[in-house]
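As structure tokens, the structure follows; a few thoughts come after it.
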Amino acid sequence: MSSLEGNKIAAAILVGGMITLSVGILTDFIYRPHHSAQAAHEGGEGGGAAPAAKPAPLEPVLGLIATADVAKGEKIAQKCESCHTVTADGKNKVGPGLYGVIGRVSGTHPDFAYSEPMKAHAKPWTFADLNHFLTRPKEFIPGTKMTFPGLPNVQDRADLLAWLDKQSANPAPLPTPEEIAAEQAALKTEEAPAEGAAPAEGAAPAEGAAAPAEGAAAPAEGAAPAEPAAPAEGGAAAPAGESAVALIAAADPAVGAKAAAKCKACHDLTNTAKNKVGPALWGVIGRNHASVEGFAYSDVMKGMAGHPWNFEELDKFLTNPKAYAPGTKMAFPGIKKPEERAALMRWLRDQSDSPVALPQ
Ligand code: HEC
Ligand code: HEC
């Protein structure tokens, strides 16, 4: 076979893998709420690790993959390698070989004696499903033989998944903004709004702010219907009601510049003002909501147009984007630490041709 033919075949396989993977992600979003509810009843059965008093928080991971630390992921994978090989030879150990596992149908690696539930699952492994499985293995596949308690930290899971994806002849494509948003919506009930946080429906913008337009609370297209946010469960987040505004004037812009790395995956923060996944943010503080030309804002954001971003509102938005603007397209979980938001806003305020006055 000529190498050209070989390339064509490789490309066909790659495209096939991508399609399978996308379908898997979508299927998963559609079925997740049912699955989770069912798993919650069955959780803790099947032996293995004792049920933890508080399950690890199941936070969305897709938005973190693009910027994840692959080198760290390789280190984290050592936890898996006591039971799994992640090499192209595909050898099985206590667990099945994991080389190329993202996009592969669960329970199908040759010559491995899977549990019945793992075989029955029979769906391609997606980033989103692996996020769930690796957070709470026995909840995602009740009765699995994998006696691994899970990786409780979402950044660890992102780093690991980013590395794992590269251990493949066919790495899966990075999650799309739609997939990121859909995962956020699917896991909404899991995101623990800490005590003091306003319930989703009550999450009005700051006093005096323009009320969101009617219908603004409608979820973004493709997102699951909004469910009332559940009370804090994993409870890892700091009280989200705490304002960071009083901390801004004294905050260190250098610390804020680092925090802004989280925004750069989606936003251009330079004065070249390009739109990316999110609108350009140069000069955003003091600028009206939803005012960047050529950017397709969500309805909720458009409903706030004509009203400037001030520190109070930005603080609320950055604490919990979906509570401030239900249905926003910004698939970012929020920054829970007031100190971090303060430093970020202190720095962001300077990224402007005419910085607004700092809060007193
Ligand atoms: C204590 C041993 C052990 C550890 C540690 C472990 N696993 Fe597993 N893993 C297993 C076993 C056993 C199975 C088969 C589960 C079944 O059949 O129900 C499995 C199955 C899997 C599967 C499903 C594979 C397939 O072909 O469908 C994935 C994915 C997986 N593990 C990922 C991981 C990752 C990633 C880590 C590290 C964060 C990890 N595992 C740590 C034992 C382990
Ligand atoms: C995963 C992608 C993503 C990340 C990460 C992200 N954003 Fe966004 N952001 C968006 C999108 C998409 C919108 C448009 C929201 C809408 O229309 O509802 C947006 C809108 C905004 C707006 C409103 C701008 C306007 O013109 O009205 C601000 C302010 C903002 N983001 C700040 C931030 C900051 C600060 C960070 C980092 C802490 C951040 N974002 C991280 C995607 C992202």
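Readers should treat all values here as calculations from the given coordinates under stated rules, not as data from a laboratory. In this text the structure is predicted, and so the values were computed from the model without any measurement. We place every Cβ from the backbone using ideal geometry, glycine too, and count neighbours over all the protein chains shown.
Taking 29 Å as the limit for the C-alpha separation, the pairs LYS123/LYS258; LYS72/LYS93; LYS91/LYS123; LYS54/LYS166; LYS75/LYS145; LYS188/LYS337 exceed it in the case of LYS123/LYS258; LYS54/LYS166. In terms of the mean number of neighbouring beta-carbon atoms within 10 Å, the peptides 118-126, 318-326, 333-341 order highest first as 318-326, 333-341, 118-126.
Compared with the direct C-alpha span, the chain from ASP111 to ASN275 gains 54.1 nm at full extension, assuming 0.36 nm per residue.
With contacts taken as Cα pairs under 8 Å at a separation of at least 6 residues, the range 281-360 carries a relative contact order of 34 percent. For the listed peptides 292-304, 152-164, a ranking on the average number of other beta carbons within 10 Å per residue, highest first, reads 152-164, 292-304. Annotation: amide H-H contacts under 5 Å for ASN288 (H modelled 1.01 Å from N, sequence separation of 5 or more, or interchain): TRP309. Using the Karplus relation 6.51 cos²θ - 1.76 cosθ + 1.60 with θ = phi - 60°, the per-residue 3J(HN,Hα) values for the range 102-107 come to 6, x, 7, 6, 4, x Hz, with x marking Gly and Pro.
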